[in-house]
Amino acid sequence: SMYMFCFYDVTGVPASGVVTTALQNMQFSAPTLEFKENDLVYLTLTNVGLVNRPDLFDPHSVHFHGFPQAASIYDGLPESAVVPNPGSSYTYFYKLNDPGTYLYHCHVEASEHMQMGMLGNLYVHPKQNGTPYTVGAKTYTKFVYNDGDGSTGYDVEYPIQLATFDGV
């Protein structure tokens with residue numbers, strides 16, 4: 001029997017069902033988060049603790065890795081940010097100015113918590129998305145960056161998060 005930590009989207013789940021829903025739907029890696037450039041994002045982390053391991057009482061955080069504008073109170077670093085203990089919640093705020101591919105993870109005891117499932121993909125899509133550009137014979141509406149000419153257009157995306165889970 002192995003235990004793991006995880007991030008799970010419980011948006012819309014009544015408070016009385018959050019723990020059960022999260023326990024029954026744990027996944028590794030965490031859900032992919034997708035936003036648009038200039039979005040104002042409010043992300044609430046609720047630390048439900050470990051029902052099966054009450055001896056563990058780790059706080060957790062959310063850190064948008066590589067994200068350039070995070071205020072230190074929202075950056076997830078345990079030294080400068082709020083890190084909710086079991087039974088507590090904290091709402092992070094981000095204004096997503098820079099499109100790109102990032103990852104998010106727990107920054108408390110990061111090496112252990114990331115290996116135990118607390119990491120996922122984070123995409124900030126450029127505001128240029130949705131505008132058709134024809135390059136050669138192809139027309140694109142999705143782009144890596146705001147290139148202004150369609151040169152970073154693509155038509156297929158696959159989120160990949162390479163990780164391992166060490167049972168020891």
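In region 10-26, what count of residues is obtained for those that are out of contact with any strand residue (DSSP E or B) (no Cβ under 8 Å at 6 or more places or on another chain), in a loop (DSSP other than H, G, I, E, B) and surrounded by 14 or more Cβ atoms within 10 Å (Cβ to Cβ)?
Number satisfying all stated conditions: 2.
Hey, can you tell me all the residues within region 16-53 that are of a type in the set (D, E, K, R) and either in contact with an Asp or Glu (Cβ under 7 Å, 6 or more places away or on another chain) or farther than 20 Å from T91 by Cβ (or both)?
E37, R53
Taking the criterion of being open to solvent by 50 Å² or more (accessible area, probe 1.4 Å), more than 17 Å from F67 (Cα to Cα) and either polar (S, T, N, Q) or modelled with pLDDT of 90 or more (or both), would at least one residue in region 104-121 satisfy it?
Yes - at least one qualifying residue is present in region 104-121.
Looking at region 44-64, I want the residues that are exposed (fewer than 12 other Cβ atoms within 10 Å of the Cβ) and have a partner that is of a type in the set (G, A, S) with Cβ atoms under 9 Å, at least 6 apart or on another chain. Which pairs are those?
Qualifying pairs under 9 Å: N52/S1; L56/G49.
Scan region 126-136 and give yes if some residue there is closer than 18 Å to E34 by Cα, hydrophobic (A, V, I, L, M, F, W, C) and either loosely packed, with under 12 Cβ neighbours inside 10 Å or over 12 Å from the mean Cα position of the chain (by Cα) (or both), otherwise no.
Scanning region 126-136, I find no residue that is closer than 18 Å to E34 by Cα, hydrophobic (A, V, I, L, M, F, W, C) and either loosely packed, with under 12 Cβ neighbours inside 10 Å or over 12 Å from the mean Cα position of the chain (by Cα) (or both), so the answer is no.
Being in contact (Cβ under 8 Å) with a residue 40 or more places away in the chain, hydroxyl-bearing (S, T, Y) and in a loop (DSSP other than H, G, I, E, B), is that true of even one residue in region 89-111?
No: zero hits.
The values are calculated or read from the model by the stated rules, or taken from the named source; none is laboratory data. Every value quoted in this text rests on a predicted model; they were computed, and no experiment measured them. So basically every Cβ, Gly included, is an ideal-geometry build from the backbone, and we count neighbours across all protein chains shown. Accessible surface areas use protein heavy atoms only, side chains included; no ligands, DNA or RNA. Shrake-Rupley method; radii C 1.70, N 1.55, O 1.52, S 1.80 Å.
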